[in-house]
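J.: One structure follows; several queries about it will come next.
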Amino acid sequence: MRQFFKVKENVSLAPLTTLRIGGAARFFVTAVTESQVAAAVEFAAKNNLDLFVLGGGSNVLVSDRGFDGLVLQIGLLGVESFEFLVPSSELRGDSNAELGTRNAKLIKVGAGEDWDEFVENCVKERLSGVECLSGIPGLVGGTPVQNVGAYGQEVSETIVAVRCLDRTNGKIVTLTNADCGFTYRTSIFNSTHRERYIVLAVTFRLVENGPPKIAYPELERAVEMPASLSGVRDAVLRIRGKKSMLIDPRDPNSKSVGSFFKNPIVELEKLKEIQIAFPSVPYFEFGEMVKIPAAWLIEKADFSKGFTLGNAGISENHTLALINRGKSTAAEIIDLKDMIQAGVEARFGITLCPEPVFVGFDA
């Protein structure tokens, strides 16, 4: 049965994003059921409108002229779970033999649920698997799109299935973890099948009373031992807070999309080339390649914390965060992005790739 929805016109998008930047959507719909999502997609197709799917607005930069199409805001809620047993051989930790068989839960979460509230509830219920992802703004539906990760943990480690609307045929499909093609900050949703699927719900596999994951040096230094899920969450929130990576209306440095650039993955030859001038360059092994922190590259290209360009700037607390200093336009953020990319390219021969989605810009 087709469900009706209200189509609004000329809705300002800036208040719906963490950057607080951007023009208006020509048309705007909030869908709270799967039928409404399908109907909105049909409405856009019938009226020959471009469609943009908006979640929590934490990873988007909207152009100053806005979006001349239909913005579909996902508001699907609900959390369902059921238990099953996980053998010790599948559990994390150095003492799997001592862990025994544990209960695990499959938790199906609506795409419109707040991500950090979900993580907080998991920690309270002593379910391990997402604790390092505390404090990340946005909605659950956005997490598989860019394979959200932080402090050594990614959602791809616990995602079992993603329920989607396939825009090519209007059918609802369930994609397995393998179907999603997860790699570093990437999935089919933002690469090979970009704009094909709309995420409706995500199913996670979490372990009851499982050990927290501590695989990131900064987190290891910050957490109190013996480590617990709640202790890891608290440590992550402290770290993110010091970097202004928690959304806080009182903190001007928090008007950002979080990390604006991905950490580049380069060949070993490039690392050796950089080491000639910078023997202590930080890096992380990534298969046969290495990952170099984008923040380090930016700083060595002479863009320090607090750098400003008009009303845009780099956070005073985190080099990777480009911020709206109060009245920034999208054009100013783009100018700053371009300047940083050009500086890093000139200094190291590395092209930094942005993380956020750009909405309403020319292709």
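J.: Looking only at F286, F260, F204, which one moves most when the chain is put into a Gaussian network model with springs between Cα atoms under 10 Å?
T.: Taking springs between Cα atoms under 10 Å, the residue moving most is F286.
J.: Taking the Cβ of G135 as the centre, find all other residues whose Cβ is under 9 Å away and add up their charges (Lys, Arg: +1; Asp, Glu: -1).
T.: Around G135, the charge tally is +1.
J.: If you put +1 on each Lys and Arg Cβ and -1 on each Asp and Glu Cβ, how big is the dipole of the chain around its Cα centre, in Debye rounded to 20?
T.: Around 640 debye, computed over the chain.
J.: Applying the Karplus parametrisation 6.51 cos²θ - 1.76 cosθ + 1.60 with θ = phi - 60° to the phi angles of region 56-66, what ³J(HN,Hα) value in whole Hz is obtained for each residue in order, glycine and proline being reported as x?
T.: The phi angles translate into x, x, 8, 9, 9, 10, 8, 5, 5, 8, x Hz.
J.: Rounded to the nearest 0.05, what FRET efficiency do L271 and F82 have when you use their Cβ-Cβ distance and R0 = 51 Å?
T.: It comes out at approximately 0.65.
J.: What is the dipole size for region 130-260, taken about its Cα centre, with +1 at each Lys and Arg Cβ and -1 at each Asp and Glu Cβ, in debye to the nearest 20?
T.: Charge dipole of region 130-260: 380 debye, to the nearest 20.
J.: Give me Rg over Rh for region 160-252, both radii from the alpha carbons and Rh done the Kirkwood way, two decimal places.
T.: 1.10
J.: Under a point spin-label approximation (7 Å from Cα along Cα-to-Cβ), what is the S12-V32 distance to one decimal in nm?
T.: 2.4
J.: Additional query: Kindly state, to the nearest 0.05, the FRET efficiency for E345 paired with S280, given R0 = 25 Å and r defined as their beta-carbon distance.
T.: 0.70
J.: So, with a 1.4 angstrom probe, what is the percent of accessible area on the chain that is carbon and sulfur?
T.: 49
J.: Can you give the accessible area of R325, probe radius 1.4 Å, in Å² rounded to 10?
T.: 120
J.: Find how much the distance from R126 to Y184 grows on full extension, using 0.36 nm per residue of separation minus their present alpha carbon separation; answer in nm with one decimal.
T.: Extending this stretch completely gives an extra 18.2 nm.
J.: A further question follows. Give the value in nm², to one decimal: projected area of the alpha carbon convex hull of region 8-84, averaged over all directions.
T.: Over every viewing direction, the Cα hull of region 8-84 projects on average to 6.3 nm².
J.: With a probe of 1.4 Å, find how much accessible area the chain has per residue, and write the answer as a whole number in Å².
T.: About 48 Å² of surface per residue is accessible.
J.: Here is a follow-up. For the chain, just list the percent of Cα-Cα distances falling in each 20 Å bin from zero outward, please.
T.: 27, 58, 14, 0
The values are calculated or read from the model by the stated rules, or taken from the named source; none is laboratory data. Note that the structure is predicted; figures quoted are calculated from it, not measured. Glycine also receives a Cβ, built like all others from the backbone with ideal geometry; neighbour counts cover every protein chain displayed. The protein model used for the area step is the full one, side chains on, heavy atoms only, and it has no ligands, DNA or RNA in it. Shrake-Rupley method; radii C 1.70, N 1.55, O 1.52, S 1.80 Å.
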